[in-house]
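Working notes, beginning with the structure itself.
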2 protein chains.
Amino acid sequence: MTLSPRQEEIVDAAIKLIAEKSIQALTIKNLSNQVGFTEGAIYRHFSSKLDILLHILLKFQSNARQMLEDTCSNDLPAMDQIEHIFMHNIMSFVENPAIAAVIFSESIFQNEDRLSREVFKLLEMHESTLSCIIEKGQERNELIEGVQKEEIIRMIIGSIRYTVTKWRLGGYQFNLQKEGKSLIDAIRHLISKQ
Amino acid sequence: MTLSPRQEEIVDAAIKLIAEKSIQALTIKNLSNQVGFTEGAIYRHFSSKLDILLHILLKFQSNARQMLEDTCSNDLPAMDQIEHIFMHNIMSFVENPAIAAVIFSESIFQNEDRLSREVFKLLEMHESTLSCIIEKGQERNELIEGVQKEEIIRMIIGSIRYTVTKWRLGGYQFNLQKEGKSLIDAIRHLISKQ
DNA sequence: CTCGTATGTAAGTATTTATTTACTAATCCA
DNA sequence: TGGATTAGTAAATAAATACTTACATACGAG
């Protein structure tokens, strides 16, 4: 399960390639150029291209898992925890646009069952953490109760994704961090009590 | 600009192909099988595959434009207009999953400037209509004012898109119409006055 | 030292895909 | 009628792409 240094190197090169060009640019040829070896060398370290994509997703998963656990372990007000997760995601997109490029490429993965399942899992991780936080927040009377947590989750994750998608479609023109902050402020205003 | 009957036929076949398989399945070979002609015949009617994709987007655009104009022309309360647009979109995804497949394939279009611009335009059409509705709603004291309309729009469009994406990733397992209704009810609850 | 394993290269292969070409049959109009 | 236009076919082409194979070299353990 854990990767050798060279495997890490290849996965990182793949991520860089996706970030700078697009997921379409992730070909074995391009990847081998990026790493500085020939195509055959890639196959010494991964059995297939799918395997590489899979490890990219696993890497993002383990980052996300770490962040989500850290967030849950402290005992801030619910809304602060949500903001923390929200802004952490925004920042990780800003610092590493490949994450967005990969995660938002479900359409490409759709025929690859294994990949779309891993993307799904990543979403589920976020959802279940948010679910737990919102539930507590409602019990503690910090968050409004008239709206089911499932719908709040949809709005939070959906609005991030949409904002990031437009940021990407528009060629990274606007300041994502700033827009993310306005958005989470609006969400706070809507779902906090009073 | 307007298409011949045979061109319509080809575009519709392309949409069907995307809906039933995926956007990856839209190859000239598959398309010609679907239509019942050979590959060469396709090129009698369209200059390139890109041209076909473009006309798919234009078709969706004109449908959406029609719907948005219809909505604006009546004088319902803002929230009812929003719900109308919202549910119209949901229903069009239910009836024609290709629309979702195409619109959510920005990642594939990203290197095709022309295509991503048209997807962008489709989003802008929805945004500007919603913007107008929300503005009036806030003036008329129907909608809350503490939150900027840009953020509300992000939440509305984002939450639809996210719900539809999960519906697709999960293989159309849940009832999108029902979930859409719960979601718009929640939104209504959050952004209506009182 | 040397043998085997790990890791690289160069040059394939097989397949897919968009597009083109040369040809044909039908249909329309002068 | 007859010549051009339209719309189809079959087959070729060119490029891209994931992956394989045969060979080379370095290096660590016995």
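May I ask you to say which residue of B:Leu123, B:Leu190, B:Leu183 is over 21 Å from A:Arg168 (Cβ atoms) and touching a Lys or Arg at 6+ places or on another chain (Cβ under 8 Å)?
Details: B:Leu123 fails: over 21 Å from A:Arg168 (Cβ atoms); B:Leu190 fails: touching a Lys or Arg at 6+ places or on another chain (Cβ under 8 Å).
Being over 21 Å from A:Arg168 (Cβ atoms) and touching a Lys or Arg at 6+ places or on another chain (Cβ under 8 Å) holds for just one of B:Leu123, B:Leu190, B:Leu183, which is B:Leu183.
No other residue among A:Phe109, A:Phe86, A:Phe120 is aromatic (Phe, Trp, Tyr) and under 18 Å from A:Ala14 (Cβ atoms) apart from A:Phe109.
Selection within segment A:11-39: residues that are more than 20 Å from A:Val119 (Cα to Cα), out of contact with any helix residue (DSSP H, G or I) (no Cβ under 7 Å at 6 or more places or on another chain) and more than 13 Å from DNA strand C (Cβ to nearest atom). The member of this set that is least open to solvent (accessible area, probe 1.4 Å) is A:Glu20. Tell me, yes or no, whether segment A:131-153 has at least one residue that is touching a residue at least 12 places away in the same chain (Cβ under 8 Å), more than 26 Å from A:Glu69 (Cβ to Cβ) and within 12 Å of chain B (Cβ to nearest Cβ). Yes; the residues of segment A:131-153 include at least one that is touching a residue at least 12 places away in the same chain (Cβ under 8 Å), more than 26 Å from A:Glu69 (Cβ to Cβ) and within 12 Å of chain B (Cβ to nearest Cβ). Restricted to segment A:21-44, and to residues there that are touching a Lys or Arg at 6+ places or on another chain (Cβ under 7 Å) and within 8 Å of DNA strand D (Cβ to nearest atom), the residue that is nearest to the other protein chains (Cβ to nearest Cβ) is A:Ile28.
All of (1) within 10 Å of DNA strand C (Cβ to nearest atom); (2) without any contact (Cβ under 8 Å) to a residue 12 or more places away in the chain hold for A:Ile42 with one exception: (2).
Determine whether A:Ile90 is within 26 Å of A:Ser32 (Cβ to Cβ) and either within 14 Å of chain B (Cβ to nearest Cβ) or surrounded by 14 or more Cβ atoms within 10 Å (Cβ to Cβ) (or both). Steps first, please.
Values: within 26 Å of A:Ser32 (Cβ to Cβ): no; either within 14 Å of chain B (Cβ to nearest Cβ) or surrounded by 14 or more Cβ atoms within 10 Å (Cβ to Cβ) (or both): yes.
Taking the combined requirement at face value, the residue does not satisfy it.
Answer with yes or no whether A:Glu8 is at pLDDT below 95, more than 16 Å from DNA strand D (Cβ to nearest atom), more than 14 Å from every other protein chain (Cβ to nearest Cβ) and open to solvent by 30 Å² or more (accessible area, probe 1.4 Å). When the stated conditions are applied, A:Glu8 does not pass them. Is it the case that A:Ser47 is open to solvent by 40 Å² or more (accessible area, probe 1.4 Å) and out of contact with any Leu (no Cβ under 7 Å at 6 or more places or on another chain)? Criteria met by A:Ser47.
Residues B:Gln61, B:Gln81: which one is over 20 Å from B:Glu150 (Cβ atoms) and outside the structural domain of B:Asp12 (by TED's automatic domain parsing)? Don't jump to the end; show me each part of the working.
Details: B:Gln81 fails: over 20 Å from B:Glu150 (Cβ atoms).
The conditions single out B:Gln61.
Within segment A:102-118, if we keep just the residues that are more than 7 Å from every other protein chain (Cβ to nearest Cβ) and open to solvent by less than 30 Å² (accessible area, probe 1.4 Å), the residue that is farthest from A:Phe60 (Cα to Cα) turns out to be A:Phe109.
The number of residues in segment B:126-164 being crowded, with 16+ Cβ neighbours inside 10 Å and either of a type in the set (A, V, I, L, M) or not in a helix (DSSP H, G or I) (or both) comes to 15. In segment A:171-185, of all residues being without any contact (Cβ under 8 Å) to a residue 24 or more places away in the chain and not in a loop (DSSP other than H, G, I, E, B), the one that is farthest from A:Ser159 (Cα to Cα) corresponds to A:Lys178.
Of everything in segment A:52-64, what is within 15 Å of DNA strand C (Cβ to nearest atom) and open to solvent by 30 Å² or more (accessible area, probe 1.4 Å)? Give them in sequence order.
At the first step, the residues of segment A:52-64 found to be within 15 Å of DNA strand C (Cβ to nearest atom) are A:52.
Across segment A:52-64, there are no qualifying residues.
Taken over segment A:162-190, residues that are modelled with pLDDT of 95 or more and within 7 Å of chain B (Cβ to nearest Cβ) amount to 7. When restricted to residues that are within 16 Å of DNA strand D (Cβ to nearest atom), within 22 Å of the chain's Cα centre (by Cα) and without any contact (Cβ under 8 Å) to a residue 40 or more places away in the chain, segment A:45-79 contains 2.
The values are calculated or read from the model by the stated rules, or taken from the named source; none is laboratory data. Keep in mind that this is a model prediction, so the values were computed, not measured. Please note: Cβ atoms are built from the backbone with ideal geometry, for glycine as well, and neighbour counts cover all protein chains shown. The area values use the complete protein model at the heavy-atom level, side chains included, leaving out ligands, DNA and RNA. Shrake-Rupley method; radii C 1.70, N 1.55, O 1.52, S 1.80 Å.
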